[in-house]
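Down below is the structure, laid out as structure tokens.
The values are calculated or read from the model by the stated rules, or taken from the named source; none is laboratory data. Remember, predicted model here, so these are calculated numbers, not experimental data. Note that each Cβ is placed from the backbone with ideal geometry, even for glycine, and that neighbours are counted across all protein chains shown. To get the accessible areas, we keep the full protein, side chains included, count just its heavy atoms, and leave off ligands, DNA and RNA. Shrake-Rupley method; radii C 1.70, N 1.55, O 1.52, S 1.80 Å.
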Amino acid sequence: MRVGYIRVSTVDQNTDRQLDGVDVERVFTDKVTGKNAERPALQEMLAFVRAGDTVLVHSMDRLARNLDDLRRLVRQLTGKGVRVEFVKEALTFTGEDSPMATLMLSVMGAFAEFERALILERQREGIATAKARGAYKGRKPALTTEQVTTLRERAAAGEPKSTLAKEFGVSRETVYSYLRQTD
């Protein structure tokens, strides 16, 4: 069976370009960051595939964000007798790979990890620059100053935090966060 795995980092991102025109019988799609190895569709796909199946992934960085994770996942799949194909890189791994194939996995995986590190570095630099010129202020507060005062008074009076969270339309953790703040 030809099985596709697709991953995008956020719910807003589009999965259409991945595996477009590639013939697959079943697709597993995650809409979560790649740094989390506990991706539901990935775990489901790993449990689903059997010996003789082929897993197709658009590119290495869609399967894993670092070299160790990439090698582990490819070894895990090929160890079950599953063939792994990376469409963009035009690489295939079967478990009976040549030293050159193993080198290519390592080199391409290292490039993907390096590229991700550069993106994060540029993002941090961009945020720092925006903060310096006052354009980046972060997330807006969930509650107004008056709401925070009311929340603290009612919590001090013994009202349950879960009741306050529901009433103010925030999570309990947000309630606790406001209660920890000293202003």
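Summing +1 for each Lys or Arg and -1 for each Asp or Glu among the other residues whose beta-carbon sits under 15 angstrom from that of residue 2 gives -2.
For the stretch 102-155, the solvent-accessible area works out to 76 Å² per residue, with a probe of 1.4 Å and every protein chain left in place. Starting from the Cα of residue 100, move 7 Å in the Cα-to-Cβ direction to define the label point; list residues of the stretch 57-94 whose amide nitrogen is under 18 Å from there. Residues passing the 18 Å test: 86, 89-94.
Summary value for the stretch 67-152: 20 percent relative contact order, contacts being C-alpha pairs under 8 angstrom separated by 6+ residues. Taken over the chain, the convex hull of the Cα atoms encloses 170 Å³ per residue. Largest accessible area first, the residues 1, 45, 100 order themselves as 100, 1, 45 under a 1.4 Å probe with ligands, DNA and RNA left out.
In a simple Cβ point-charge model (Lys, Arg +1; Asp, Glu -1; nothing else charged), the chain has a dipole of about 540 debye relative to its Cα centre. Secondary structure note: in the chain, about 20% of the DSSP beta bridges are antiparallel.
Relative contact order for the chain: 15 percent, from Cα pairs under 8 Å spaced at least 6 residues apart, divided by residue count. In terms of its Cα atoms, the stretch 1-93 spans 34, 29, 24 Å along the principal axes, sorted from long to short.
For the chain, carbon and sulfur atoms together expose 51% of the accessible surface, with a 1.4 angstrom probe and every protein chain in place.
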